[in-house]
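So the structure is just underneath, and the comments pick up after that.
The values are calculated or read from the model by the stated rules, or taken from the named source; none is laboratory data. Predicted model, so just to flag it, every value in this text is computed and none were measured. Glycine also receives a Cβ, built like all others from the backbone with ideal geometry; neighbour counts cover every protein chain displayed. Just so you know, the surface numbers come from the protein's heavy atoms only, side chains and all, with ligands and any DNA or RNA stripped out. Shrake-Rupley method; radii C 1.70, N 1.55, O 1.52, S 1.80 Å.
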Amino acid sequence: MDDLGKIWVVIGLMTIGILILAYGYVGITGKVVSEVIIDRSAKIGFMAPLTGDASSDGLSIKRGVDLALEDSGLENVKVIYEDSGCDGKQSASVVQKLIKIDNVIAIVGETCSGATLAAAPIAEAREVVMVSPSSTSPKITDAGDYIFRTVPSDALQGDFAGNMIFDRGYEKLAILYSNEDYGVGLEGVLRKTFNDLGGQVLSSEAFERGSTDVRTQLTKIKDRGPDSIYVISNSPDSAISVLRQINELEIDSVLFGSNGLKIPEVLDSGFAENLTITSISSGTEDFAEKYKILYGEDPGPFAAQAYDAFSAIAMALKKGALSGEQIKKELYNLQFQGASGKIEFDENGDLAGNYDYIIG
């Protein structure tokens, strides 16, 4: 055999080796013995408040992601955890780090709506998918083609809350809300729904996130004489202060609250008795059991939604998606029964999930 012949033999053997690695060994039947081998090594970003007044939400969301990673069966997948502090400026810095330095191919986060809206344009411009487990502002519907969420929009919560309060016979509502994207968005939907039903929103007062003195706002509300009050807050400190000061000012209106009040700090504060909270799913029984075995307590806020956010990304990876564009396309085609309910994204990356209520 001359030198040219030897070269062609080597090329032929190398080609066969590559085909075996890619497609598996082909037996005498002509069938592929093993499935396609794909390198699924990838880095997934995580951004949530791990410090600050929303850190209880962040911890709960992190646990949901950790549990989903364990259940996914994916190997060589690393989660890069970052603390966003539930702050817009900080989240913008964090998302740039995750994308430019850590080279993540998708992100679970953000938690707070304002932080998500600050990070979304950066992720959108770099074509990196973000899946929020907890950001509910109606504005996120139009945040971009790469922005998804596994929690329903406040357009649904506001409509549900308005109908529930009116159907219970209350016609004079006051709203006390946090002055941020989450509070402003939910307040607007609730006010419109309640007024459209024939009720009256007698007063709507804002307070700054984290504020613990809302006596001025509550005094204005008391002077209007509402038969019901709906409290919108993402801050445990603010929510507890609101409920305590309602008690101190002897306001006898019936109390309702947003999903942000459904946390142990608020429910166990001693001021949440008979408070009705509009609520998203806490997760299926199977999920709750797994969570409790692993962490020794019931699932916290948005843990089930975080589990589903990571699971959706994991399913996209299992289908071979390794770029932002590929992951996005797979998410739009996904449909599965998750820990928090049915996951099926519409053309805006939103869910058509339902709300319920609990009594504190």
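What value does segment 247-360 have for Rg/Rh, both radii from Cα atoms and Rh as Kirkwood defines it? Don't skip to the answer; put the middle values down first.
Details: Rg = 17.9 Å, Rh = 16.3 Å.
With Rh from the inverse mean 1/r over Cα pairs, Rg/Rh is 1.10.
Using a 7 Å offset from Cα along Cα-Cβ at Asp196, what residues in segment 150-165 end up with backbone N under 20 Å from the label point? Backbone N within reach: 152-165. Which aspartates and glutamates does Lys100 reach when only Cα atoms under 15 Å apart count, and residues fewer than 8 places away in its own chain are ignored? Answer for Lys100, where 15 Å is the Cα cut-off: Glu82, Glu124, Glu127, listed by chain and number.
With every protein chain kept in the model, how would you rank Glu208, Glu325 by accessible area, 1.4 Å probe, largest at the top?
Per-residue accessible area, sorted high to low, gives Glu208, Glu325.
Shape analysis of segment 140-205 places it in the prolate category; the axes a ≥ b ≥ c from the Cα gyration tensor give an a/c of at least 1.5, with a/b above b/c.
Here the chain exposes an accessible surface that is 51 percent carbon and sulfur, computed with a 1.4 Å probe and the other protein chains kept in place. When DSSP beta bridges are restricted to pairs lying wholly in the chain, around 15% turn out antiparallel.
The alpha-carbon positions of the chain define a convex hull whose volume is 155 Å³ per residue.
Quick one: putting +1 on the C-beta of Lys and Arg, -1 on the C-beta of Asp and Glu, what dipole do you get for segment 218-360 around its Cα centre, in Debye to the nearest 20? Could the numbers behind the result be given before it?
Details: 12 positive and 22 negative charges, 87 e Å.
Roughly 420 debye for segment 218-360.
For the chain, the solvent-accessible area of protein heavy atoms averages 46 Å² per residue (probe radius 1.4 Å; ligands and nucleic acids excluded). If R0 is 25 Å, the Cβ-Cβ spacing of Asp223 and Asn274 corresponds to a FRET efficiency of close to 0.65. When Thr216, Thr193 are compared by accessible area at a 1.4 angstrom probe, the order from most to least is Thr216, Thr193.
Using the Kirkwood formula over every pair of different C-alpha atoms, what hydrodynamic radius in Å results for segment 92-214? Provide the component values of the computation, followed by the final result.
On the way: mean 1/r = 0.0637 Å⁻¹.
Value: 15.7 Å, from the Cα pair sum.
Please identify the DSSP H helices in the chain that span no less than 24 Å along the helix axis (Cα) and have a mean Kyte-Doolittle hydropathy of 0.5 or more. Write down the numbers at each step before the final one.
Numbers: long enough: 3-23 (30 Å, 1.82); 55-72 (25 Å, -0.25).
What comes out of the filter, once short or polar helices are dropped, is 3-23.
Taking every C-alpha pair closer than 8 Å and separated by at least 6 residues, the mean separation divided by the residue count of the chain gives a relative contact order of 17 percent. Over all directions, the projected convex hull of the C-alpha atoms in segment 218-306 averages 6.3 nm² in area. Checked against a 23 Å cut-off, the cross-linked pairs Lys62/Lys89; Lys192/Lys220; Lys62/Lys192; Lys89/Lys328 give Cα-Cα distances beyond that limit for Lys62/Lys192; Lys89/Lys328. Taking all protein chains as they are arranged and a probe of 1.4 Å, the heavy atoms of Lys318 leave approximately 100 Å² accessible to solvent.
Ordered by solvent-accessible area of protein heavy atoms (1.4 Å probe), largest first, the residues Arg215, Arg63 come out as Arg215, Arg63. Relative to the current alpha-carbon distance between Asp142 and Asp71, full extension at 0.36 nm per residue lengthens the span by 22.4 nm.
Between Asp252 and Leu322, take the C-beta separation as r, use R0 = 45 Å, and let me know the FRET efficiency to the nearest 0.05. Could you put the intermediate results ahead of the total?
Working: r = 59 Å, r/R0 = 1.31.
Step by step, r from the Cβ atoms, then E = 0.15.
Taken about its Cα centre, the chain carries a charge dipole of about 660 debye when Lys and Arg each add +1 at the Cβ and Asp and Glu each add -1 at the Cβ. Tyr357 sits with roughly 100 Å² accessible to a 1.4 Å probe, with DNA, RNA and ligands left out of the calculation. Here the Gaussian network model covers the chain, with springs between Cα atoms less than 10 Å apart; of Ala304, Ala272, Ala125, Ala125 fluctuates the most. The relative contact order of segment 210-348, computed from alpha carbon pairs under 8 Å that lie at least 6 residues apart in sequence, is 17 percent.
Please identify the GluC sites (Glu not before Pro) of segment 68-173 that satisfy two criteria: DSSP loop assignment and at most 11 other Cβ atoms within 10 Å. Which are they? Let's see the in-between values first.
Details: sites: Glu70, Glu75, Glu82, Glu110, Glu124, Glu127, Glu171; in loops: Glu75, Glu110, Glu127, Glu171.
Qualifying residues, ordered by number: Glu75.
Taking the Cα centre of segment 148-209 as origin, sum charge times position over the Cβ atoms of Lys and Arg (+1) and Asp and Glu (-1), and report the length of that vector in debye to the nearest 20. Let's see the in-between values first.
Working: 6 positive and 10 negative charges, 22 e Å.
Value, rounded to 20: 100 debye.
Note on the chain: dipole from Cβ charges, positive end direction compared against Asn195, Pro264, Thr111; the farthest Cα belongs to Thr111. When the chain is modelled as a GNM with alpha-carbon springs shorter than 10 Å, which of Tyr146, Tyr295, Tyr170 fluctuates the most? Of Tyr146, Tyr295, Tyr170, the most mobile in the Gaussian network model is Tyr295.
Would segment 161-276 count as rounded, prolate or oblate if I go by the C-alpha gyration tensor, calling it rounded below 1.5 in a/c and otherwise prolate when a/b exceeds b/c, oblate otherwise?
Numbers: a/c = 1.44, a/b = 1.33, b/c = 1.08.
Note, shape of segment 161-276 comes out rounded.
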